[in-house]
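In what follows, a single structure is set out as C-alpha coordinates and then discussed.
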Amino acid sequence: MSLNAPAHGADKKLLGVLRGERPAVPPVWLMRQAGRYLPEYRELRADKGGFLELVYDSAAAAEVTLQPLRRFGFDGAILFSDILIVPYAMGQSLWFEAGEGPRLAPILAETDLSALTPEWSRFDAVYDTVRRVKAALNPNVTFLGFAGSPWTIATYMVAGQGSKDHGAARRMAYGEPDRFAALIDAIIAATVEYLSGQIATGVEAVQLFDSWSGSLAPIQFERWVIDPNRRIVAALKERHPDIPVIGFPKGAGAKLADYAVQTGVDAVGVDETIDPHWAHGALPAGMPVQGNLDPLALIAGGRAVEEAVDAIRAAFADRPHIFNLGHGILPDTPIAHVEALLSYVRQQGDCS
Ligand code: 1CP
(Lines give C-alpha, C1' and ligand atoms only; values in the text may rest on other atoms or scores of the structure.)
Protein backbone atom coordinates (compact mmCIF):
# COMPACT_ATOMS: atom_id res chain seq x y z
CA MET A 1 0.00 0.00 0.00
CA SER A 2 1.32 3.45 -0.85
CA LEU A 3 1.32 6.15 1.78
CA ASN A 4 -0.71 9.04 0.37
CA ALA A 5 0.34 8.36 -3.21
CA PRO A 6 -0.60 11.20 -5.57
CA ALA A 7 -2.90 10.38 -8.47
CA HIS A 8 -0.46 11.56 -11.13
CA GLY A 9 3.29 11.37 -11.50
CA ALA A 10 5.87 11.79 -8.75
CA ASP A 11 7.64 14.83 -7.43
CA LYS A 12 10.76 13.56 -5.74
CA LYS A 13 11.91 16.79 -4.20
CA LEU A 14 14.96 15.35 -2.45
CA LEU A 15 16.21 13.63 -5.60
CA GLY A 16 15.64 16.90 -7.49
CA VAL A 17 17.87 18.78 -5.04
CA LEU A 18 20.58 16.13 -5.38
CA ARG A 19 20.43 16.86 -9.11
CA GLY A 20 20.79 20.60 -8.56
CA GLU A 21 17.25 21.96 -8.09
CA ARG A 22 16.54 24.70 -5.54
CA PRO A 23 12.92 24.48 -4.36
CA ALA A 24 11.57 27.32 -2.15
CA VAL A 25 11.30 24.93 0.82
CA PRO A 26 14.13 22.42 1.22
CA PRO A 27 13.39 18.71 1.42
CA VAL A 28 13.91 17.28 4.92
CA TRP A 29 15.02 13.96 6.36
CA LEU A 30 16.94 13.20 9.55
CA MET A 31 19.93 10.91 9.89
CA ARG A 32 19.02 7.87 12.02
CA GLN A 33 15.33 8.81 11.64
CA ALA A 34 14.32 5.15 12.08
CA GLY A 35 15.31 4.26 15.59
CA ARG A 36 15.12 4.44 19.30
CA TYR A 37 13.44 7.85 19.76
CA LEU A 38 10.28 6.30 18.22
CA PRO A 39 8.03 4.28 20.57
CA GLU A 40 6.83 2.14 17.64
CA TYR A 41 10.48 1.23 16.89
CA ARG A 42 11.18 0.32 20.51
CA GLU A 43 8.10 -1.89 20.55
CA LEU A 44 9.00 -3.77 17.38
CA ARG A 45 12.64 -4.06 18.51
CA ALA A 46 11.58 -5.58 21.86
CA ASP A 47 9.48 -8.19 20.01
CA LYS A 48 12.37 -9.22 17.78
CA GLY A 49 14.95 -9.59 20.51
CA GLY A 50 18.26 -8.62 18.96
CA PHE A 51 19.15 -5.77 16.62
CA LEU A 52 20.63 -8.11 14.00
CA GLU A 53 17.49 -10.22 14.10
CA LEU A 54 15.56 -7.07 13.23
CA VAL A 55 17.88 -6.20 10.31
CA TYR A 56 17.62 -9.77 8.96
CA ASP A 57 13.82 -9.86 9.21
CA SER A 58 13.07 -8.01 5.96
CA ALA A 59 9.38 -7.46 6.65
CA ALA A 60 10.17 -5.92 10.05
CA ALA A 61 13.10 -3.88 8.69
CA ALA A 62 10.86 -2.51 5.93
CA GLU A 63 8.26 -1.59 8.54
CA VAL A 64 10.92 0.23 10.62
CA THR A 65 12.07 2.13 7.51
CA LEU A 66 8.51 3.33 6.94
CA GLN A 67 7.64 4.21 10.56
CA PRO A 68 9.15 7.74 10.55
CA LEU A 69 7.60 8.41 7.12
CA ARG A 70 4.12 7.67 8.42
CA ARG A 71 4.58 9.82 11.48
CA PHE A 72 6.36 12.83 10.00
CA GLY A 73 6.11 12.73 6.19
CA PHE A 74 9.83 13.20 5.57
CA ASP A 75 10.99 13.73 1.99
CA GLY A 76 13.48 10.87 2.25
CA ALA A 77 13.35 7.30 3.54
CA ILE A 78 16.60 5.67 4.66
CA LEU A 79 16.92 1.93 4.45
CA PHE A 80 16.90 0.32 7.89
CA SER A 81 20.12 -1.66 8.23
CA ASP A 82 23.52 -0.89 9.73
CA ILE A 83 26.99 0.00 8.47
CA LEU A 84 28.39 -3.08 10.25
CA ILE A 85 26.54 -5.49 7.95
CA VAL A 86 29.54 -5.13 5.61
CA PRO A 87 32.13 -6.55 8.06
CA TYR A 88 29.59 -9.19 9.01
CA ALA A 89 29.24 -10.19 5.35
CA MET A 90 33.05 -10.22 5.12
CA GLY A 91 33.02 -12.98 7.71
CA GLN A 92 33.75 -11.07 10.92
CA SER A 93 31.64 -12.12 13.90
CA LEU A 94 29.20 -9.38 14.88
CA TRP A 95 26.86 -9.07 17.81
CA PHE A 96 25.21 -6.22 19.69
CA GLU A 97 25.62 -6.03 23.48
CA ALA A 98 22.39 -4.80 25.03
CA GLY A 99 22.70 -1.13 25.93
CA GLU A 100 26.34 -0.96 24.81
CA GLY A 101 26.52 -1.22 21.04
CA PRO A 102 28.27 -3.32 18.42
CA ARG A 103 30.95 -5.90 19.14
CA LEU A 104 33.13 -7.67 16.55
CA ALA A 105 35.99 -10.14 16.82
CA PRO A 106 38.86 -7.56 16.69
CA ILE A 107 41.61 -7.68 14.06
CA LEU A 108 44.81 -8.67 15.85
CA ALA A 109 48.44 -9.01 14.73
CA GLU A 110 47.86 -12.67 13.95
CA THR A 111 44.51 -12.22 12.14
CA ASP A 112 44.66 -13.49 8.56
CA LEU A 113 43.02 -10.72 6.52
CA SER A 114 42.79 -12.91 3.42
CA ALA A 115 40.21 -14.95 5.33
CA LEU A 116 37.87 -11.94 5.25
CA THR A 117 36.08 -12.83 2.05
CA PRO A 118 32.51 -11.72 1.47
CA GLU A 119 29.67 -14.13 1.76
CA TRP A 120 27.37 -12.26 -0.63
CA SER A 121 24.23 -14.05 0.56
CA ARG A 122 24.53 -12.07 3.82
CA PHE A 123 23.28 -9.04 1.86
CA ASP A 124 20.21 -10.80 0.45
CA ALA A 125 17.89 -9.97 3.35
CA VAL A 126 18.81 -6.27 3.03
CA TYR A 127 18.01 -6.34 -0.69
CA ASP A 128 14.69 -7.92 0.18
CA THR A 129 14.05 -5.04 2.60
CA VAL A 130 14.81 -2.59 -0.22
CA ARG A 131 12.27 -4.29 -2.52
CA ARG A 132 9.59 -4.25 0.18
CA VAL A 133 10.11 -0.58 1.02
CA LYS A 134 10.19 0.35 -2.65
CA ALA A 135 6.82 -1.34 -3.22
CA ALA A 136 5.22 0.51 -0.30
CA LEU A 137 6.76 3.95 -0.54
CA ASN A 138 4.93 7.13 -1.51
CA PRO A 139 6.40 7.94 -4.94
CA ASN A 140 7.17 11.51 -3.85
CA VAL A 141 9.59 10.18 -1.24
CA THR A 142 13.22 9.59 -2.25
CA PHE A 143 14.61 6.25 -1.11
CA LEU A 144 18.17 6.40 0.21
CA GLY A 145 20.54 3.49 0.61
CA PHE A 146 23.77 3.72 2.56
CA ALA A 147 27.02 2.16 3.66
CA GLY A 148 29.80 3.10 6.02
CA SER A 149 32.96 4.45 4.41
CA PRO A 150 36.06 2.26 4.66
CA TRP A 151 37.88 4.25 7.36
CA THR A 152 34.84 4.28 9.66
CA ILE A 153 34.19 0.56 9.05
CA ALA A 154 37.86 -0.19 9.74
CA THR A 155 37.71 1.59 13.13
CA TYR A 156 35.13 -1.00 14.23
CA MET A 157 36.81 -3.97 12.52
CA VAL A 158 40.20 -3.32 14.10
CA ALA A 159 39.06 -2.38 17.62
CA GLY A 160 36.16 -4.83 17.70
CA GLN A 161 33.87 -2.10 19.03
CA GLY A 162 33.22 1.64 18.98
CA SER A 163 36.07 3.67 20.47
CA LYS A 164 36.68 7.26 21.44
CA ASP A 165 39.82 8.20 19.52
CA HIS A 166 39.87 5.26 17.08
CA GLY A 167 43.36 4.57 18.35
CA ALA A 168 43.53 0.89 17.37
CA ALA A 169 42.84 1.63 13.67
CA ARG A 170 45.11 4.70 13.70
CA ARG A 171 47.95 2.63 15.19
CA MET A 172 47.51 -0.03 12.52
CA ALA A 173 47.33 2.60 9.75
CA TYR A 174 50.71 4.04 10.86
CA GLY A 175 52.36 0.84 12.01
CA GLU A 176 51.32 -1.57 9.26
CA PRO A 177 50.24 0.64 6.36
CA ASP A 178 50.36 -2.14 3.76
CA ARG A 179 48.25 -4.46 5.87
CA PHE A 180 45.84 -1.64 6.66
CA ALA A 181 45.62 -0.76 2.95
CA ALA A 182 44.71 -4.39 2.20
CA LEU A 183 41.92 -4.17 4.75
CA ILE A 184 40.65 -0.91 3.20
CA ASP A 185 40.79 -2.49 -0.28
CA ALA A 186 38.70 -5.43 0.91
CA ILE A 187 36.13 -3.07 2.47
CA ILE A 188 35.97 -1.02 -0.75
CA ALA A 189 35.28 -4.12 -2.85
CA ALA A 190 32.51 -5.34 -0.54
CA THR A 191 30.98 -1.86 -0.24
CA VAL A 192 30.79 -1.31 -4.00
CA GLU A 193 28.94 -4.63 -4.40
CA TYR A 194 26.66 -3.87 -1.47
CA LEU A 195 25.67 -0.41 -2.71
CA SER A 196 25.24 -1.69 -6.28
CA GLY A 197 22.90 -4.34 -4.91
CA GLN A 198 20.87 -1.71 -3.04
CA ILE A 199 20.65 0.37 -6.22
CA ALA A 200 19.69 -2.66 -8.36
CA THR A 201 16.83 -3.47 -5.98
CA GLY A 202 15.45 0.05 -5.69
CA VAL A 203 17.27 2.81 -3.78
CA GLU A 204 17.47 6.12 -5.67
CA ALA A 205 20.55 7.69 -4.05
CA VAL A 206 23.16 6.48 -1.58
CA GLN A 207 24.97 8.02 1.37
CA LEU A 208 28.49 7.13 2.47
CA PHE A 209 28.82 7.64 6.24
CA ASP A 210 32.39 8.46 7.24
CA SER A 211 31.33 9.15 10.80
CA TRP A 212 34.83 9.04 12.30
CA SER A 213 36.82 10.85 9.60
CA GLY A 214 37.54 13.60 12.13
CA SER A 215 40.09 11.54 14.04
CA LEU A 216 42.71 11.56 11.28
CA ALA A 217 45.72 13.83 10.69
CA PRO A 218 45.64 15.60 7.28
CA ILE A 219 47.85 13.20 5.30
CA GLN A 220 46.06 10.22 6.82
CA PHE A 221 42.74 11.86 5.90
CA GLU A 222 43.81 11.99 2.25
CA ARG A 223 44.89 8.39 2.25
CA TRP A 224 42.14 6.74 4.30
CA VAL A 225 39.14 9.04 3.74
CA ILE A 226 39.47 10.86 0.42
CA ASP A 227 41.08 8.09 -1.61
CA PRO A 228 38.80 5.18 -0.57
CA ASN A 229 35.63 7.27 -0.97
CA ARG A 230 36.87 8.43 -4.38
CA ARG A 231 37.38 4.82 -5.46
CA ILE A 232 33.91 3.81 -4.29
CA VAL A 233 32.29 6.78 -6.07
CA ALA A 234 34.21 6.03 -9.30
CA ALA A 235 33.14 2.37 -9.27
CA LEU A 236 29.51 3.27 -8.57
CA LYS A 237 29.48 5.95 -11.28
CA GLU A 238 30.75 3.41 -13.79
CA ARG A 239 27.87 1.07 -13.00
CA HIS A 240 25.11 3.54 -12.08
CA PRO A 241 25.97 6.96 -13.53
CA ASP A 242 22.58 8.49 -12.68
CA ILE A 243 22.49 7.58 -8.98
CA PRO A 244 23.58 10.49 -6.77
CA VAL A 245 26.08 9.83 -4.00
CA ILE A 246 26.02 11.88 -0.79
CA GLY A 247 29.30 11.86 1.11
CA PHE A 248 29.22 12.57 4.85
CA PRO A 249 32.73 12.98 6.28
CA LYS A 250 31.77 13.87 9.83
CA GLY A 251 34.42 15.89 11.63
CA ALA A 252 36.28 16.75 8.41
CA GLY A 253 36.38 20.44 9.38
CA ALA A 254 38.39 22.51 6.90
CA LYS A 255 39.11 19.35 4.90
CA LEU A 256 35.45 19.22 3.81
CA ALA A 257 36.22 21.23 0.67
CA ASP A 258 39.01 18.90 -0.49
CA TYR A 259 36.76 15.94 0.22
CA ALA A 260 33.92 17.47 -1.81
CA VAL A 261 36.09 18.16 -4.84
CA GLN A 262 38.40 15.15 -4.84
CA THR A 263 36.03 12.25 -4.05
CA GLY A 264 33.58 12.98 -6.88
CA VAL A 265 30.52 12.81 -4.59
CA ASP A 266 27.45 14.63 -5.89
CA ALA A 267 26.55 16.20 -2.53
CA VAL A 268 28.14 16.60 0.91
CA GLY A 269 26.69 16.20 4.37
CA VAL A 270 27.82 18.97 6.71
CA ASP A 271 28.10 18.23 10.43
CA GLU A 272 26.96 20.62 13.15
CA THR A 273 30.44 21.84 14.08
CA ILE A 274 30.83 23.50 10.67
CA ASP A 275 29.72 27.10 10.16
CA PRO A 276 27.26 26.90 7.25
CA HIS A 277 28.45 30.30 5.91
CA TRP A 278 31.99 28.96 5.78
CA ALA A 279 30.77 25.77 4.07
CA HIS A 280 28.86 27.77 1.48
CA GLY A 281 31.98 29.82 0.70
CA ALA A 282 34.33 26.84 0.66
CA LEU A 283 32.32 24.35 -1.41
CA PRO A 284 32.04 24.41 -5.21
CA ALA A 285 29.20 26.66 -6.47
CA GLY A 286 26.01 24.69 -7.10
CA MET A 287 27.08 21.60 -5.17
CA PRO A 288 24.15 20.33 -3.07
CA VAL A 289 24.67 20.31 0.70
CA GLN A 290 22.87 18.44 3.46
CA GLY A 291 22.66 19.50 7.10
CA ASN A 292 23.40 20.74 9.65
CA LEU A 293 21.21 21.33 12.72
CA ASP A 294 22.84 20.25 15.98
CA PRO A 295 20.97 17.14 17.24
CA LEU A 296 21.23 18.61 20.76
CA ALA A 297 19.44 21.80 19.66
CA LEU A 298 16.56 19.56 18.56
CA ILE A 299 16.42 18.05 22.04
CA ALA A 300 16.22 21.55 23.54
CA GLY A 301 13.57 22.61 21.01
CA GLY A 302 11.87 26.03 20.87
CA ARG A 303 13.66 29.26 19.86
CA ALA A 304 17.09 27.59 19.78
CA VAL A 305 15.92 25.41 16.91
CA GLU A 306 14.16 28.20 15.03
CA GLU A 307 17.22 30.46 15.16
CA ALA A 308 19.48 27.66 14.01
CA VAL A 309 17.11 26.72 11.17
CA ASP A 310 16.97 30.36 10.02
CA ALA A 311 20.76 30.64 10.04
CA ILE A 312 21.28 27.36 8.16
CA ARG A 313 18.67 28.16 5.53
CA ALA A 314 20.01 31.68 5.01
CA ALA A 315 23.57 30.39 4.59
CA PHE A 316 22.53 27.76 2.03
CA ALA A 317 19.88 29.87 0.25
CA ASP A 318 21.96 30.11 -2.93
CA ARG A 319 22.66 26.43 -3.40
CA PRO A 320 20.68 23.18 -3.46
CA HIS A 321 20.04 22.29 0.19
CA ILE A 322 18.61 19.24 1.93
CA PHE A 323 17.65 20.08 5.49
CA ASN A 324 19.00 17.53 7.98
CA LEU A 325 20.77 17.25 11.30
CA GLY A 326 24.56 17.49 11.56
CA HIS A 327 24.61 13.89 12.88
CA GLY A 328 22.08 11.24 13.89
CA ILE A 329 18.97 12.02 15.91
CA LEU A 330 19.49 11.06 19.57
CA PRO A 331 17.27 8.54 21.38
CA ASP A 332 15.99 11.12 23.92
CA THR A 333 14.71 13.55 21.26
CA PRO A 334 11.05 14.47 21.95
CA ILE A 335 8.71 13.53 19.11
CA ALA A 336 6.98 16.92 19.47
CA HIS A 337 10.27 18.68 18.69
CA VAL A 338 10.64 16.75 15.43
CA GLU A 339 7.07 17.73 14.49
CA ALA A 340 7.76 21.37 15.35
CA LEU A 341 10.98 21.33 13.32
CA LEU A 342 9.21 20.02 10.24
CA SER A 343 6.39 22.53 10.43
CA TYR A 344 8.85 25.38 11.03
CA VAL A 345 11.06 24.44 8.05
CA ARG A 346 8.04 23.91 5.82
CA GLN A 347 6.16 27.10 6.74
CA GLN A 348 9.16 29.32 6.14
CA GLY A 349 8.97 29.28 2.36
CA ASP A 350 11.67 31.02 0.38
CA CYS A 351 14.10 32.71 2.74
CA SER A 352 16.55 33.90 0.11
O1 1CP B 1 19.54 -1.06 20.02
C2 1CP B 1 19.18 -0.72 18.91
O3 1CP B 1 18.00 -0.63 18.57
C4 1CP B 1 20.26 -0.47 17.90
C5 1CP B 1 20.49 0.96 17.60
C6 1CP B 1 20.88 1.05 16.14
C7 1CP B 1 20.09 1.50 15.07
C8 1CP B 1 18.69 2.03 15.16
C9 1CP B 1 22.11 0.60 15.58
C10 1CP B 1 23.25 -0.02 16.30
N11 1CP B 1 22.07 0.80 14.22
C12 1CP B 1 20.85 1.35 13.86
C13 1CP B 1 20.39 1.65 12.49
C14 1CP B 1 21.25 2.44 11.61
N15 1CP B 1 22.60 2.62 11.77
C16 1CP B 1 20.84 3.12 10.42
C17 1CP B 1 19.47 3.03 9.76
C18 1CP B 1 18.42 3.82 10.44
C19 1CP B 1 18.34 5.28 10.15
O20 1CP B 1 19.33 5.95 9.83
O21 1CP B 1 17.24 5.78 10.27
C22 1CP B 1 21.96 3.78 9.93
C23 1CP B 1 22.03 4.71 8.72
C24 1CP B 1 23.05 3.44 10.76
C25 1CP B 1 24.42 3.90 10.50
C26 1CP B 1 25.47 3.70 11.53
N27 1CP B 1 25.64 2.65 12.39
C28 1CP B 1 26.55 4.58 11.69
C29 1CP B 1 26.78 5.81 10.82
C30 1CP B 1 25.91 6.92 11.20
C31 1CP B 1 26.28 7.63 12.44
O32 1CP B 1 25.40 7.78 13.29
O33 1CP B 1 27.44 8.09 12.55
C34 1CP B 1 27.36 4.08 12.72
C35 1CP B 1 28.65 4.70 13.25
C36 1CP B 1 26.80 2.85 13.14
C37 1CP B 1 27.35 1.91 14.15
C38 1CP B 1 26.34 1.60 15.20
N39 1CP B 1 25.28 0.76 15.03
C40 1CP B 1 24.51 0.75 16.16
C41 1CP B 1 25.10 1.63 17.10
C42 1CP B 1 24.59 1.89 18.49
C43 1CP B 1 26.23 2.19 16.47
C44 1CP B 1 27.13 3.28 17.04
C45 1CP B 1 28.16 2.69 17.93
C46 1CP B 1 29.19 3.76 18.32
O47 1CP B 1 28.80 4.82 18.84
O48 1CP B 1 30.38 3.53 18.05
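The values are calculated or read from the model by the stated rules, or taken from the named source; none is laboratory data. All values reported here derive from a predicted model rather than from experimental measurement. Note that each Cβ is placed from the backbone with ideal geometry, even for glycine, and that neighbours are counted across all protein chains shown.
Across segment 88-113, the number of residues qualifying as over 25 Å from the mean Cα position of the chain (by Cα) and touching a residue at least 40 places away in the same chain (Cβ under 8 Å) comes to 1. Taking segment 130-168 as the range and being β-branched (V, I, T) and under 18 Å from V64 (Cα atoms) as the test, the residues that pass are V130, V133, V141, T142. All of (1) in a helix (DSSP H, G or I); (2) more than 22 Å from Q198 (Cβ to Cβ) hold for Y37 with one exception: (1). Of everything in segment 108-158 that is in contact with a helix residue (DSSP H, G or I) (Cβ under 7 Å, 6 or more places away or on another chain) and in a strand (DSSP E or B), the residue that is farthest from the ligand (Cβ to nearest atom) is T142.
Of all positions in segment 315-337, at least one carries a residue that is of a type in the set (F, W, Y), closer than 17 Å to G247 by Cα and either under 21 Å from the mean Cα position of the chain (by Cα) or within 16 Å of the ligand (Cβ to nearest atom) (or both). State yes or no: is A311 farther than 17 Å from W151 by Cβ, surrounded by fewer than 17 Cβ atoms within 10 Å (Cβ to Cβ) and hydrophobic (A, V, I, L, M, F, W, C)? For A311, the condition - farther than 17 Å from W151 by Cβ, surrounded by fewer than 17 Cβ atoms within 10 Å (Cβ to Cβ) and hydrophobic (A, V, I, L, M, F, W, C) - is met. All of (1) surrounded by 13 or more Cβ atoms within 10 Å (Cβ to Cβ); (2) at pLDDT below 95 hold for D47 with one exception: (1). Only one entry in L54, L66 is buried (at least 19 other Cβ atoms within 10 Å of the Cβ) and either of a type in the set (G, A, S) or near the ligand (Cβ under 10 Å from one of its atoms) (or both), namely L54.
Checking each residue in segment 200-228 for being out of contact with any strand residue (DSSP E or B) (no Cβ under 7 Å at 6 or more places or on another chain) and aliphatic (A, V, I, L, M) picks out A200, L216, A217, I219, I226.
Being modelled with pLDDT under 95, farther than 24 Å from V206 by Cβ, in a helix (DSSP H, G or I) and not charged (D, E, K, R) is the requirement here; does A304 meet it? So A304 fits the description; yes.
Among the residues of segment 69-97, the ones that are away from the ligand (no atom under 12 Å from the Cβ) and assigned to a loop (DSSP other than H, G, I, E, B) come to 6 in all. Answer yes or no as to whether E339 is part of a helix (DSSP H, G or I) and touching a residue at least 40 places away in the same chain (Cβ under 8 Å). Here the answer is yes, as E339 does meet what is asked.
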